[in-house]
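Okay, structure first, notes after.
The values are calculated or read from the model by the stated rules, or taken from the named source; none is laboratory data. Bear in mind that the values here come from a model prediction, so they are computed numbers and not experimental data. As a convention, Cβ positions derive from the backbone with ideal geometry for all residues, glycine included, and neighbour counts pool all protein chains shown. SASA here: full protein model, heavy atoms, side chains in, ligands and nucleic acids out. Shrake-Rupley method; radii C 1.70, N 1.55, O 1.52, S 1.80 Å.
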Amino acid sequence: MKALIYFGVIVGLVPVQSVLLPHISVWGVKPDLGLVAVCLIGLIAGELDGLLVGLTLGWAMSLFSAQDLISGAVLKGTVGFVAGLVGRQVVYLSPIVLALGLLVVSCLAGLATPFAIKLSVQQDWWWAVWIVVLPQACLDAMIGGAIYWLMWTRLNIEQLMSESRM
Amino acid sequence: MRMVNLRASYSARRVALVLAVILVLGFLLLPGQLQSVFQQVGSPFGWIISWPLQAVAGIHGRIADIWGRYVALQGVEEENQQLKRELDLLKEQNGQLREASVATERLSALLEFKKQVLPTSVAAQVIGRDTGNWYKTIILNKGTSDGLQSDQGVITPAGVVGRVVKTTASTAVVLLVTDPNNAIAGLIQRTRDEGIVEGTTQGQARLKYIPLLSNARPGDHVVTSGLVGGFPRGIPIGTITRIDKEEEALFQSAELSPEVDPNRVEEVLVIRSSSFPTEGERLVVPKPKP
């Protein structure tokens, strides 16, 4: 069942990210729903699930981008793994704290990306921070926080986390 | 008694007759003065009369309004709804027809262009954009099963769109000409100076390595040079909007406005052929007779 849900998430997110999100991008920047999903999966289901889903989702999303396959997979896999480790240490997580955490994680992943991929001379570090990393991190935090808030109000997150990690 | 009554009546008649004659004569002899006298006398009278007149007129108006709006229009509500439904239907049909007309026009131009210029090209539809924010790419609905592979040029009848950088069996990722990581060999059509076209972070393009002695100027058209990359010679890339000359620099560069707006591209042609016809072959130069 779990594998089926993960498969659905991976297969569903790629078209949403490449077909629908460009129409609702803010100043040409769209949120990385893959990163948000991997974070939430890692947090709720543990580091192994986060790592595997992150690797697969990163790879699948890189297939439809000019980004090389390995960097995308490794970055998302790492994010999923770290989210799983953090989830193990946390007892209670409010949506605001999760949004702030997502902001930090998205910023770190965004800052690591220019080192992992070969960008042109025009795309320097400041360009990356102001044009891509910070706006994307804000969008990721807002969307991730909203999704977690919905889950938080409708589901028993602690129970879900303990059941998923078993 | 009877005589007295007759006399009184007779005198009254005479007085009335005299007054009438005076009035008629007055009307005939002094029309202007009498008019103004009557006007002045009539003003307050008319003001008094105007109150009930307005009241009656108001009531009449209200009644006519009520009649016109509610009583006489009992069937109009239904008719209005029917007309609204018809209007919606016609609007929808009009939109569909307009879209079909535009699509037909676009596809006809693409087909004609394909027949004339590049018989080995493959037509593809744009189905998506880059999944990330770092590159400007489009996703096509054709892949390796249709003969697409990396480094093939992608164009529309208007000009260069980009080049294929990644393929799957059924899709291909095209790095757009406006991406800073793209580089296409370009040629200024008027001066024949060559350079490299690359994208900018502002979504435009730039022609680099133009010789210092070149007299290129804004308005000049830049086309593909056909030397390297997946493009034949002469496909439009953009128009020069500004020349940048830096002191002590070995080359000058130019800002380009791309011919194709990559954000609005819907159908493209992918150039499959690796060897392109030369200018002479394209113009079908007659072979010398033995």
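Pick out the one residue from A:76, A:118 that is under 11 Å from the mean Cα position of the chain (by Cα), within 14 Å of chain B (Cβ to nearest Cβ), open to solvent by 20 Å² or more (accessible area, probe 1.4 Å) and basic (Lys, Arg).
A:76
Can you name the residue in region A:90-115 that is at pLDDT 85 or above and farther than 30 Å from residue B:135 by Cα and, of all such residues, is most open to solvent (accessible area, probe 1.4 Å)?
A:96
For region B:238-250, give me each residue that is over 14 Å from residue B:188 (Cα atoms) and open to solvent by 100 Å² or more (accessible area, probe 1.4 Å).
B:245, B:246, B:247, B:248, B:250
For the subset of region A:1-11 comprising residues that are open to solvent by less than 60 Å² (accessible area, probe 1.4 Å) and more than 27 Å from residue A:94 (Cβ to Cβ), which member is nearest to the other protein chains (Cβ to nearest Cβ)?
A:10
Which of the following residues is of a type in the set (A, V, I, L, M, F, W, C) and more than 25 Å from residue B:165 (Cβ to Cβ): A:134, A:111?
Answer to the check: A:134.
If you scan region B:196-206, which residues turn out to be open to solvent by less than 10 Å² (accessible area, probe 1.4 Å) and more than 9 Å from chain A (Cβ to nearest Cβ)?
B:197, B:205
Among the residues of region A:53-73, what is the count of those that are crowded, with 19+ Cβ neighbours inside 10 Å and either in contact with a strand residue (DSSP E or B) (Cβ under 6 Å, 6 or more places away or on another chain) or under 14 Å from residue A:9 (Cα atoms) (or both)?
Looking only at that region, the number is 10.
Would you be able to say whether some residue in region A:149-163 is closer than 18 Å to residue A:9 by Cα and hydroxyl-bearing (Ser, Thr, Tyr)?
Checking region A:149-163: not a single residue is closer than 18 Å to residue A:9 by Cα and hydroxyl-bearing (Ser, Thr, Tyr).
So how many residues does region B:227-266 have that are hydroxyl-bearing (Ser, Thr, Tyr) and at positive phi?
0
Go through the residues of region B:143-150 one by one and say whether even a single one is assigned to a loop (DSSP other than H, G, I, E, B), within 14 Å of chain A (Cβ to nearest Cβ) and without any contact (Cβ under 8 Å) to a residue 60 or more places away in the chain.
Yes, because at least one residue in region B:143-150 is assigned to a loop (DSSP other than H, G, I, E, B), within 14 Å of chain A (Cβ to nearest Cβ) and without any contact (Cβ under 8 Å) to a residue 60 or more places away in the chain.
When the residues of region B:155-184 are narrowed to those that are buried (at least 24 other Cβ atoms within 10 Å of the Cβ) and over 24 Å from residue A:121 (Cα atoms), which ends up farthest from the other protein chains (Cβ to nearest Cβ)?
B:155
Quick check on my filter: what residues within region B:205-230 are modelled with pLDDT under 90 and closer than 27 Å to residue B:133 by Cα?
If the condition is that a residue be modelled with pLDDT under 90 and closer than 27 Å to residue B:133 by Cα, then B:229, B:230 are the ones that fit.
Could you tell me which numbered condition residue B:215 fails, if it satisfies all but one of (1) more than 13 Å from chain A (Cβ to nearest Cβ); (2) open to solvent by less than 10 Å² (accessible area, probe 1.4 Å)?
Going through the list (1) more than 13 Å from chain A (Cβ to nearest Cβ); (2) open to solvent by less than 10 Å² (accessible area, probe 1.4 Å), residue B:215 breaks only (2).
So for region A:40-61 (the condition being at the interface with chain B (Cβ under 10 Å from one of its Cβ atoms), in a helix (DSSP H, G or I) and over 11 Å from the mean Cα position of the chain (by Cα)), does at least one residue qualify?
The answer is yes, given that some residue of region A:40-61 is at the interface with chain B (Cβ under 10 Å from one of its Cβ atoms), in a helix (DSSP H, G or I) and over 11 Å from the mean Cα position of the chain (by Cα).
Suppose the filter is surrounded by fewer than 24 Cβ atoms within 10 Å (Cβ to Cβ), more than 9 Å from chain B (Cβ to nearest Cβ) and under 21 Å from residue B:141 (Cα atoms); does residue A:26 pass it?
No.
Conditions (1) open to solvent by 80 Å² or more (accessible area, probe 1.4 Å); (2) within 14 Å of another protein chain (Cβ to nearest Cβ); (3) within 19 Å of residue B:161 (Cβ to Cβ); (4) free of Cβ contacts under 8 Å to residues at least 40 places away in the same chain, marked per residue:
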| residue | (1), (2), (3), (4) |
| --- | --- |
| B:69 | yes, no, no, yes |
| B:83 | yes, no, no, yes |
| B:87 | yes, no, no, yes |
| B:122 | no, no, yes, no |
| B:127 | no, yes, yes, no |
| B:132 | no, yes, no, yes |
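Read through the list (1) crowded, with 24+ Cβ neighbours inside 10 Å; (2) assigned to a loop (DSSP other than H, G, I, E, B), then give the number of the only condition that residue B:190 fails.
(1)
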